[in-house]
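Q: Shown below is the structure under consideration.
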Amino acid sequence: MKHFITLPNGRNVGLGVYVRAFNELKKTPPNEMVRGFDYFAAPAGEILRKMRESITDRINRHLPHFGKGRNYAPEIEFGVRNLACDLARRVVVRESSVRHLPSKILARVAHRLHKPEDF
């Protein structure tokens, strides 16, 4: 399977070509005008910045299979993050406020949770 990257001008280029172009742009003076990346010629520094942003975006995006088979629902992630912050600050955590979290997570922190009648 060959991977392609679509440039802003709509052209598809192979990953090897993209990497070679990236390396060449790093050697090019930032103010030199370069054609072929966008619809019009642009400074090499600007093109290099856009390429870095797109690489960072792709790295930070999750893979298509992300979220299947585990607890990746946004409300669970948010709840776990809040629970971790509360436990790190040694705040009393009420069982009723984390009831929506999976039982595996609750079992691991059961010794730190308090029932409403404890207050």
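Throughout, read-outs are computed from the coordinates displayed, never taken from laboratory work. Since this is a predicted model, take the numbers as computed values, not measurements. Glycine gets a Cβ as well: all are built from the backbone with ideal geometry, and neighbour counts include every protein chain shown.
Q: Counting only the backbone N, which residues of segment 1-32 are under 15 Å from the spot 7 Å out from the Cα of Ala41 toward its beta-carbon?
A: From segment 1-32, the list is 29-32.
Q: Using r as the Cβ-Cβ distance of Arg49 and Leu15, and R0 as 25 Å, what FRET efficiency do you calculate, to the nearest 0.05?
A: Efficiency computed from Cβ-Cβ geometry: 0.80.
Q: For Leu87 and Val109, compute 0.36 nm times the residue count separating them, minus their Cα-Cα distance, and round to one decimal in nm.
A: Value of the extension gain: 7.0 nm.
Q: Separate question: For a quick size check, give me the Cα extents of segment 4-60 along its three principal axes, largest first, whole Å.
A: 28, 20, 18
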